[in-house]
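Enquirer: Let me begin by handing over the structure; questions about it come next.
The values are calculated or read from the model by the stated rules, or taken from the named source; none is laboratory data. Since this is a predicted model, take the numbers as computed values, not measurements. Please note: Cβ atoms are built from the backbone with ideal geometry, for glycine as well, and neighbour counts cover all protein chains shown. Remember, those area values only see protein heavy atoms, side chains included, never the ligands or the DNA or RNA. Shrake-Rupley method; radii C 1.70, N 1.55, O 1.52, S 1.80 Å.
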Amino acid sequence: MARKIILDLDTGIDDALALAYALGSPDLELLAVTGTYGNVTVEQGVANTLSLLDLLARPDIPVYAGPGHASDRQGFEVLEISRFIHGGNGIGNVDVARSSRGVQAGSAVDFLIGAVASHGDDLVIVSTGPSTTVAQAMKQSEDFAHNARIVFMGGALTVPGNVTPWSEANVHQDPPASDYMLRQSRDISMVGLDVTLQTLLTTEHTATWRGLGTAAGRTYADMLDYYIDAYAVTAPYLGGCGLHDPLAVAAAEDDSIITWLPHAMKVDVEGPTRGRTIGDETQMGPSRRSRVAVGVDAERFVARLMERMATALA
Ligand code: BDR
Ligand code: CA
């Protein structure tokens with residue numbers, strides 16, 4: 001039976017890839033998308049998600065909007081580095097027809113709480129943006145905090161951050177929210193830069209999508225080529241773009257592609273290391289599942305990604 005998932009996205013080029021991966025997987029059933037701020041504003045992020053769902057012929061998937069800014073801030077401005085990596089519209093400045101659909105009534109936070117109450121262990125929430133929405137749901141509902149299974153793309157344990165030397169972009173947006181989520185969750189898997197920068201895509205891969213001759217194939221190839229060009233400037237030593245968000249979805253689909261380190265985690269919330277993800281010295285016991293991805297079978301993952309994409313973009 002396919003595993004039920006909900007994606008919490010700040011759509012975002014690699015979020016767009018995570019969305020297509022989930023839709024192309026025979027082993028996943030995407031119940032809904034919740035949208036957050038991060039790579040773009042929450043309004044732009046949910047508009048991108050709705051447009052991409054139309055493009056991928058899945059206008060049936062509901063989309064909910066979450067909070068528009070960090071839990072300890074009053075507003076939000078897109079970072080210069082996000083604009084550079086994802087383009088002004090978040091999807092590589094590629095034009096995708098605006099959806100005639102709107103977001104669902106009701107908040108993403110309430111929706112997530114209800115979804116975990118209904119589906120319990122059968123559901124995995126994959127968070128690939130700031131942790132604000134998930135942390136808020138945990139604060140609002142003890143049942144949610146106890147029962148939610150979360151795979152979180154964010155953080156960096158064994159490598160430096162990508163916004164500051166300490167801090168990865170998703171955690172950087174709202175360190176107290178990521179800290180709360182990592183400390184309180186009963187079942188959390190962190191998929192950070194330690195592994196996502198080991199999984200790369202090049203223009204050879206995107207050429208095969210363009211070769212499909214579909215609007216979706218062309219659009220995704222254009223978006224990813226923009227992203228690959230940005231990586232050639234920010235991280236030329238990699239030789240491609242990092243596959244952050246789709247790797248988190250793949251880990252939720254089949255956790256055997258990852259080597260996991262069981263470890264309780266926390267986030268530094270003040271001082272020069274604000275945003276650093278590090279082991280939590282106060283929770284060393286095995287009372288819950290908290291683990292960090294420290295290795296990945298990159299070849300198996302990229303092959304699987306290409307299969308899932310071929311299905312989603314057909
Ligand atoms: C993460 O930050 C965002 O820019 C990407 O979409 C990804 O979720 C990588 O650090
Ligand atoms: Ca993201």
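Enquirer: Tell me, what is the FRET efficiency for ARG289 and ASP110 to the nearest 0.05, using R0 = 22 angstrom and their Cβ-Cβ distance as r? Before the final figure, lay out the partial values.
Expert: Details: r = 25 Å, r/R0 = 1.16.
Efficiency, rounded to the nearest 0.05: 0.30.
Enquirer: Roughly speaking, to the nearest percent, how much of the chain's 1.4 Å accessible area is carbon and sulfur?
Expert: 50 percent
Enquirer: In nm², what is the average projected area of the convex hull enclosing the Cα atoms of segment 232-314? Please report the intermediate quantities before stating the final value.
Expert: On the way: hull surface 32.7 nm².
Result: a mean projected hull area of 8.2 nm².
Enquirer: Based on the mean of other Cβ atoms within 10 Å per residue, sort peptides 254-264, 14-24, 82-92 so the most packed one is first.
Expert: On the way: 254-264: 15.9, 14-24: 26.8, 82-92: 20.8.
Going by the mean number of other Cβ atoms within 10 Å, highest first, we get 14-24, 82-92, 254-264.
Enquirer: Restricting attention to the alpha-carbon atoms of the chain, what are Rg (one decimal) and Dmax (integer), both in Å?
Expert: In Å, with Rg to one decimal and Dmax whole: 17.6, 54.
Enquirer: Using 0.36 nm times the number of residues separating MET1 and SER118, minus their current alpha carbon distance, what extension gain do you get?
Expert: Taking 0.36 nm per residue and subtracting the Cα distance, the gain is 40.4 nm.
Enquirer: Counting each DSSP H run of 4 or more residues in the chain as -39500 (n - 2.57), what helix-only mean residue ellipticity at 222 nm follows after dividing by all residues, to the nearest 500 deg cm²/dmol?
Expert: Computed ellipticity for the chain at 222 nm equals -12500 deg cm²/dmol.
Enquirer: What is the Cα radius of gyration of segment 1-108 over 2.2 N^0.38 Å, N being its residue count? Walk me through the numbers on the way to the answer.
Expert: Working: Rg = 13.5 Å, N = 108, 2.2 N^0.38 = 13.0 Å.
In units of the 2.2 N^0.38 Å rule of thumb, it is 1.04.
Enquirer: With every protein chain kept in place and ligands, DNA and RNA left out, what is the accessible area per residue of segment 186-275? Probe 1.4 Å, answer in Å².
Expert: Using a 1.4 Å probe on heavy atoms only, each residue of segment 186-275 averages 37 Å².
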